[in-house]
Amino acid sequence: MINSPLARLRALVLAGMWTLTDDTATQAPGIQHVYGDLAAPEVSIEPATHTDHDAVLVRARLRR
């Protein structure tokens with residue numbers, strides 16, 4: 001998985017990778033993007049204190 005401000009650049013995304021974002025965040029929505037190729041990704045947005053954005057939590061499984 002890749003998660004960084006640079007990950008917003010589509011050039012870093014390989015074919016077949018999924019994309020998840022923090023579009024539903026309360027603080028600064030849409031600034032965090034996560035890409036990966038693990039199985040069954042699920043994203044949740046967790047409120048964060050003492051920061052300027054919420055936290056993105058991604059759960060996924062290894063492919064068999």
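The numbers here are math on the coordinates, done by the rules we state, and not lab data. Worth saying up front: this structure is predicted, and the values here are computed from it rather than measured. Note: ideal-geometry Cβ built from the backbone for every residue, glycine included; neighbour counts use all protein chains shown.
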Practice task
Tell me which residues, restricted to segment 29-55, are closer than 20 Å to residue 14 by Cβ and surrounded by 12 or more Cβ atoms within 10 Å (Cβ to Cβ).
Solution key: 32, 33, 34, 35, 36, 37, 38, 41, 43
Completion exercise
If we take segment 9-48, then strands (runs of 3 or more DSSP E) inside it with 3 or more residues that are in contact with a Gly (Cβ under 9 Å, 6 or more places away or on another chain), closer than 20 Å to residue 59 by Cβ and not charged (D, E, K, R) are 18-21
